[in-house]
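Each value in this text was obtained by applying a stated rule to the coordinates, not by laboratory testing. If you're wondering where the values come from, they're calculated on a predicted model, not measured in any experiment. FYI the Cβ positions are ideal-geometry reconstructions off the backbone, even for glycines, and counts take in every protein chain you see.
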Amino acid sequence: MTLNPDILSLDAEKVEKLRRDFPILARTVHGVPLVYLDNAATTQKPLAVIDALDRYYREYNSNIHRGVHTLSEEATDAYESARRRIARFINASEKEIVFTRNATEAINVVAYTWGRANLRPGDEVLITEMEHHANIVPWQILQEQVGFTLRYVPITEAGTLDLSNLDTLLTEKTKLFSFVHVSNVLGTVNPVDQLIAAARAVGACVLIDASQSVPHMPVDVKALDADFLVFSGHKMCGPTGIGVLYGKRELLEAMPPFMGGGDMIREVKMSGSRWNTIPYKFEAGTPAIAEGIGLGAAVDYLSEVGLDWIWQQEHALAAYAYAQMAQLEGVRILGPGPEERAGLVAFTLDGVHPHDISAILDQDGIAIRAGHHCAQPIHTHYDIAASARASFYLYNTKEEVDKLTAAIEKAVDVFGF
Ligand code: 7TS
C-alpha cells in the first residue's frame, strides 16, 4: 500500500484552521476532547452555516414565493440563490434542482412519480447488494404495486460490485439502474462511468445515490450524464431537513407531481388544476426555507475549502486508519483496500459486539457508529449482524485516527484477546 505521508503532515495546518470553523469540535465528552468519527451519519456544521440559519430567523424570517413585502422577497431571493449555488456545485441548471427533505425522500419522489409513470409488469429495475435501505425499500414498495422485477448486482468478497454478469442483469428489460456512488459501509467507490455506459447501452435510466460522494469529492452531473442523482444536506455541513433530487430537465418535465398542494400549481379550479413549472412542481407546501439557505452556505463553504483537497485528505486518513487497524488482533475490515476506498472504515472485532466497541470508544470521547448502518443486505452477505464504522470528514486529523486505534486496542484488552 502506498501512503503519501506528506498529505497528512502538509495539511495538518489547514485542518487545524478549519477545525476552528466548527464550534462543536471544541467540546469535551466524558472530560476528554470530542473525536467525531460519525460523519457518514451526519457531519458537523461550520459557523458559516449556523450563522446563515441564525440570520434568516433573526433578520428576514418570512414565507417565500408568495408575499410582496420586503421580508418575503429577501427570503425568496436567499432561498433561490441557494438553489442556484447548489446547482453550480454539481454543474446542473437550477431548474433541475428539486429540494426534498433528504436523499431518502428524493429517491421516493423518483419511485412514486417517474416509477409509477414508467414501470410496467415485465419491466426490470436493477439495484445493487450494497445499497442503503433508502435505495432498496422504495423499489420494493413500488414493485408490490406495479409488478415489475427487482434485480440486484451482487458484491464480491472484497466488497466491490461483481460485474461479471452485468450483461445478463442489465438488459433491454431494465428500465432503471439505481446504484450507490460510494458505499456507506464498505467505502467502495463504484465505477460510475462504466455503470452509466452499460445502462445507456440498453436504454435504461440511471439514478445515482450520491449521499456519500457529493459531500466528499467533486461530482459533475453533466460529465457523468446521470438522469437522477440524490444527496442529503446534513451529510455535507448543511442542516438536517434539506436534500436534493437532481433530475434531467426533460425527465422532470415529463414526470407527474409528487405531492399536491400550494406552490406546486399554476392554476387551481374546482374542476381541476395545472401544475407549476419545474422544479416547483415537486415542491408542495412551505419548504424548509432556513435549511435551503443553510445548504447554500454549506456548498459555499465546501467550495472554498476545495472538494479535491477534501477527497485527498479523507482518502489519506482512511488509508492511514486502514493500515493501523489492519494490524490489530481480531479486527476485520469490511470492503476493499485503501486505494479503492473513500473516507470511512467499517470493521468487526472478534467476539465483541459493535455496540460494545462503540460504548468503550465513547468513554474516550470517540463517536463512531455501530449497527447495520441501514444496509442490512451487506451485513447478511458477510454473515454478520452489525459492524462498527469510523467515518471521516475535512476536520479530522491523524491524531484522531491514532486515538481511535488506541481505543480499539483498549477494547481488545478489555475483552481479553
Ligand atoms: N444513501 C446512502 C448511501 C446513505 O449513506 C444514506 C444515509 C442515505 C442514502 C440516506 O440518507 P438520509 O439523509 O435520507 O437519511 N446513511 C447513513 C449512515 O450511514 N448512517 O446514518 C445514515
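Between Val202 and Asp413, what length comes free when the chain is fully extended (0.36 nm per residue of separation minus the Cα-Cα distance, one decimal in nm)?
Length difference between fully extended and current span is 70.6 nm.
Would you mind counting up the charge near Phe258? Only other residues with Cβ under 13 Å from its Cβ, with Lys and Arg at +1 and Asp and Glu at -1.
0
On the principal axes of its Cα set, how long, how wide and how thick is the stretch 51-127? Give whole Å, largest value first.
54, 25, 20
Select from Leu169, Ile333, Pro154 the residue farthest towards the positive end of the dipole of the chain; place +1 on Cβ of Lys and Arg, -1 on Cβ of Asp and Glu, and compute about the Cα centre.
Checked the options; the winner is Leu169.
Would you work out which of Ala297, Tyr320, Met270 lies farthest towards the positive end of the dipole of the stretch 216-364? Charges go on Cβ: Lys and Arg +1, Asp and Glu -1.
Met270
When only C-alpha pairs under 8 Å and at least 6 residues apart count, what is the relative contact order of the stretch 50-303, in percent?
RCO, the stretch 50-303: 25 percent.
Hey, could you get me the Stokes-Einstein D for the stretch 50-303, Kirkwood radius over alpha-carbon pairs, 37 °C and 0.692 mPa s, rounded to whole µm² s⁻¹?
Stokes-Einstein gives a translational diffusion coefficient of 174 µm²/s.
Multiply the residue separation of His353 and Thr171 by 0.36 nm, subtract the distance between their alpha-carbon atoms, and state the gained length in nm to one decimal.
Gain on extension, His353 to Thr171, equals 61.4 nm.
Projecting each Cα onto the charge dipole of the chain (Lys/Arg +1, Asp/Glu -1 at the beta carbon, about the Cα centre), which of Ala78, Pro218, Ala375 comes out farthest on the positive side?
Final value for the positive-end residue is Ala78.
Which value does Rg/Rh take for the stretch 195-297 over its C-alpha atoms, Rh per Kirkwood?
Taking Rh as the inverse mean 1/r over Cα pairs, Rg/Rh reads 1.03.
Could you work out the mean projected area of the convex hull around the alpha carbons of the stretch 215-353, in square nanometres to one decimal?
So the Cα hull casts an average projection of 12.3 nm².
With a point put 7 Å past each Cα toward its Cβ, work out how far Gln143 is from Glu399 in nm, to one decimal.
4.9 nm
Read phi for every residue in the stretch 51-56 and hand back ³J(HN,Hα) as whole Hz from Karplus 6.51 cos²θ - 1.76 cosθ + 1.60, θ = phi - 60°, with x for Gly and Pro.
Once θ is set to phi - 60°, the couplings for the stretch 51-56 become 5, 5, 5, 4, 4, 4 Hz.
Using alpha carbon centroids, what distance separates the stretch 24-89 and the stretch 310-378, in Å?
The two parts, judged by their Cα centres, are 29 Å apart.
Expressed as a whole number of Å, what is the distance separating the alpha-carbon centroids of the stretch 380-416 and the stretch 163-195?
After rounding, the separation between the Cα centres reads 28 Å.
What distance in nm separates the two pseudo spin-label positions at Arg66 and Gln363, each 7 Å out from Cα along the beta-carbon direction?
Using points 7 Å along Cα→Cβ, the separation is 5.4 nm.
At 0.36 nm per residue, minus the direct Cα-Cα distance, what do Arg20 and Arg274 gain on full extension? Give it in nm, one decimal, please.
Additional length available on full extension: 86.5 nm.
Using 7 Å Cα-to-Cβ label points, what is the Thr156/Gln327 separation (nm, one decimal)?
That separation, rounded to one decimal, is 2.8 nm.
Would you mind working out the magnitude of the charge dipole of the chain relative to its Cα centre, with +1 at each Lys and Arg C-beta and -1 at each Asp and Glu C-beta, to the nearest 20 Debye?
1220 debye
Past the 28 Å Cα-Cα mark, which pairs from Lys17/Lys248; Lys17/Lys95; Lys17/Lys235?
Pairs exceeding the cut-off: Lys17/Lys248; Lys17/Lys95.
Using only Cα positions of the stretch 147-189, each an equal point scatterer, no hydration layer, compute I(q)/I(0) via Debye at q = 0.21 Å⁻¹ and quote the log10 values to two decimals.
-0.78
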